[in-house]
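As structure tokens, the structure follows; a few thoughts come after it.
The values are calculated or read from the model by the stated rules, or taken from the named source; none is laboratory data. Remember, predicted model here, so these are calculated numbers, not experimental data. Counting neighbours? That spans all protein chains shown, and the Cβs are built from the backbone with ideal geometry, glycine included. Side chains are part of the model used for accessible areas, which takes the heavy atoms of the whole protein and leaves out ligands, DNA and RNA. Shrake-Rupley method; radii C 1.70, N 1.55, O 1.52, S 1.80 Å.
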Amino acid sequence: MSDIDAPLKYTDAAKDKAAQDGSIGLLVLLALGLAFSAVALAILSREEAEPFVLAILGGLAVIGVFSLFAGAVGILHFGERQARNDITKAFADNLADGMLITDASGGVVYANATYLGLVGAVDAPNIPTLERAFANQPQLSEPVFRLMRAARQGRSWHEDVAISSEDDPAREEPGADGGKRRWLRLSVRQIAARPRPGKKSALQVWQVSDTTAERAQEGDAFDKLQQIVAYLDRAPAGFLSLGAEQRIDYMNATLAHWLDRELADTAAGGVALEDLMSADSAALIARSATRQASRETEMLDVDLKRADGTRFPARIMLRANQGVEGDAGLAHMIVLDRSHADGEAEAVVGPADVRFAHFFQSAPIAIASVDGEGRICSSNAAFARMFDHSEEVGGNHDTDIASLIGKDDAGDLDEAVAAAKDGQVVIEPVDVTFGKDDGRNGRFYVSPVEQASEQNEVAIVYAIDTTEQRALEMQIAQSQKMQAVGQLAGGIAHDFNNVLTAIIGFSELLLANHRPTDPAFQDIMNIRQNANRAAALVRQLLAFSRQQTLQPEVLALGDVLSELTILLGRLLGEKIDLNVVHGRDLWKVKADLHQFEQVIVNLSVNARDAMPDGGKLTIRTSNIGAREAGELGHKGMQAGDFVLCEVSDTGTGIAPDVLEKIFEPFFSTKDVGKGTGLGLSTVYGIIKQTGGYIYPDSEPGSGTIFRIYLPRHVETAEELAAVEPELVEDARQQDLTGTGTVLLVEDEEAVRNFAVRALTSRGYEVLEAGNGVEALELLEAYEGSVDLVISDVVMPEMDGPTLLGKLREGDPDIKVIFISGYAEDAFKKNLGEGEEFVMLPKPFSLKQLAATVKKTLET
């Protein structure tokens, strides 16, 4: 037996200095006092000493009687010092670990025999502390220092240290064991003791444990584990362990070699199950791993992926496992190389069955077989992935396929399965909503099984996920509806513009002939004001249909919003807190200033109405790069650089069914008379015509956010140098008279009559025609020259763009003004490239017509 395994030799018994807790000094002092009293009494005479003797005897009698009573009631204890902790002391004396107890000052209070042997103490009176016991071993200086520091701080601490036989204080013959090491665990902790006179109550317990045997056992266990791992790595089959969250916990070297992967990559869950196989196959494996109720081994034929993406045919034998804490999804798998196993398998089941199993599991369409009751008999990987949120999908006769879809559609699917059971060939597909509340839809095709199998299969069900298809169909339908409503609104608006042009024009002609004091003057003013209100509604219709006339200009949204803040503050009132957050270094955009202001005002007013008790309205701007825009996932939004303008409120929010209709014209949730239903439809049209996108986001009770994305505009050198001409709207202080010949082409007689009278009164000679054909005939018959042509766009027989082409053939420099209720972009595509003309949108006033004509002739 070596010295490390030999029992320790102790030189003395355990030492308990706590047993010396008496006061010998007081006892000696008492004896000296009595002796002094006896000498003093001997010197005195009998008569003089008698009172003192009686006093001393009386005092001792009182003390004796008091001590007897105090002992009887338990106040004083006699002779208990030796027996007060016999059991505890015996337990500590016989501990297998060394124990040392010191007081707060470092003095030794107790040490058991094991401690004396472990530290090599030769006699009990000179017990070394832990720091002194290992003072001659430099390699232990740092661990001992950390223990001492923890003791001073009142903390518990432990250290594992190794001592060579030459330095072991417990060895009588250093080096006899051949240089082996002894492992010790040193620890310290604090205990509270009963206070003693003149001493602190805190005590420190030091323990020294010999862990050499435990270390040896751990080493043996590790060696055996290494042998097992080496065996698994050299095995002719692959081993795979699936952990939580479908991560690979272990892969042996054989499988790593087959898949051309590094073992280091699989450490610490660095490889996911989907990295080794297709998503459908991973879903099939994951489904089997979650089946805790079954302890049977499943066999699956799947294709694994090598590191270079090539196919590796494999046969997996899988058994589900349950974690220590009861967590599911764990599994251990044996992986066989199917390229070699197929020959053996085909000899048993036939090549056709092997190929069918491969095709069945690799099919991209979800397939399942069901019995006559609709219970699933078998399913492929795609089916498991489609219903990956369902429990025990496939391979479980307790799972009814109808339970995977919505209750409203379960009856139709049951009828289809019953039809297949009856042998019907033509079975209509069933459109269903999946059972989980995730908004997914699908279509099931059911076909009968010609020959019954052992599992009593009566039908094959093919499932296709149609969620994206339905979403696209709804998006197209909504787009077509909006387009149809827009075309209708645009057509109505165009006809109204002709009527309103005549009403406004003739009202101004009447006002020109009436003084403010005339009785009819106020009535005419009311007619014109209401006509202008109607014109504003028509502009909203045109904005929704994206057919209004825009005057785009390069804008800095930060400046626009800053100037708009005062107006918004007045509109919102005192209960609404307006907060405008400007993005840094915003890109420029190109939009119609007044129309964009209308967008912000409409959204702000709607937000105000949604916060009747007050709230907060935030307008925030920022740049959105092309990459970030592509990651947003907004439907219909093309990639590119955008400037985001976000309008959010803390109001009541919008319900999902209402959110789908908010951009439809004349749709309103407000009370009758409190809204036209054109506010948000106008916003939608303006943003779309500008080339941007708008997306609402709202939940009832959580407020609403409108996100507006306007395309970034990069200014050219010409735009930076150009000075935009301004059209003077108010011509009261200008001279609007002029001379020249004007050809007016308008199919609406009322508009034509008003324009003729307005221009004639300003000094122009006017030729009028009802359409383009009449205009060309009039020009051929007219002997003079025409200085300007004013033409409507939409006319019978020949429209305005066609007329312009004919006029350019005779006079390439002729000046043309188009008047229309449609936007310029709506007909500009029908003109030749580079055509120059002036646009005057309907309805227009007399002053606007006269100012535009004079400015065009002077240019």
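Find how much the distance from L571 to N456 grows on full extension, using 0.36 nm per residue of separation minus their present alpha carbon separation; answer in nm with one decimal.
Working: separation 115, 0.36 × 115 = 41.40 nm, distance 7.30 nm.
Answer, rounded to one decimal: 34.1 nm.
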Q. What residues have an amide H closer than 5 Å to that of L788, excluding those fewer than 5 places away on the same chain, when H is modeled at 1.01 Å from N in the peptide plane?
A. T741, L743
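Could you sort out which of K590/K815; K407/K635; K588/K688; K590/K635; K590/K688; K590/K842 sit more than 20 Å apart by Cα distance in this structure?
Details: K590/K815 28 Å; K407/K635 30 Å; K588/K688 18 Å; K590/K635 23 Å; K590/K688 13 Å; K590/K842 23 Å.
Beyond 20 Å between Cα atoms: K590/K815; K407/K635; K590/K635; K590/K842.
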Q | Exposure of K847 as accessible area (Å², to 10), given a probe of 1.4 Å and all protein chains | A | 80
**Q.** Inter-label distance for R306 and Q522, nm, one decimal - labels placed 7 Å from Cα along Cα-to-Cβ
**A.** 9.7
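Can you compute the FRET efficiency between I63 and E131 using 1/(1 + (r/R0)^6), with r the Cβ-Cβ distance and R0 = 56 Å? Round to the nearest 0.05.
Once rounded, the FRET efficiency stands at 0.75.
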(Q) Quick query: amide H of K588 versus all other amide H atoms, modeled in the peptide plane; which residues come in under 5 Å with a sequence gap of 5 or more or a different chain? (A) H713
Q) How would you rank 642-655, 512-525, highest first, on the average number of other Cβ atoms within 10 Å across their residues? A) 642-655, 512-525
Q) Using a Förster distance of 35 Å, how high is the FRET efficiency between L857 and V605, based on the Cβ-Cβ distance and rounded to 0.05? A) 0.25
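Once R0 is set to 45 Å, what does the formula 1/(1 + (r/R0)^6) return for the Cβ-Cβ distance between W157 and Q227, expressed as a FRET efficiency to the nearest 0.05? Walk me through the numbers on the way to the answer.
Values: r = 36 Å, r/R0 = 0.80.
For W157 and Q227, the calculated efficiency is 0.80.
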Q) Cα centroids of the stretch 587-610 and the stretch 25-58: how far apart, whole angstrom? A) 114
Q. Distance in nm between label sites at D585 and A512, each 7 Å beyond Cα in the beta-carbon direction?
A. 5.6
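Stretch L659-S622 to full length: gain in nm at 0.36 nm per residue minus the Cα-Cα span? Mind showing how you got there, number by number?
Numbers: separation 37, 0.36 × 37 = 13.32 nm, distance 2.48 nm.
Contour length minus Cα-Cα distance gives 10.8 nm.
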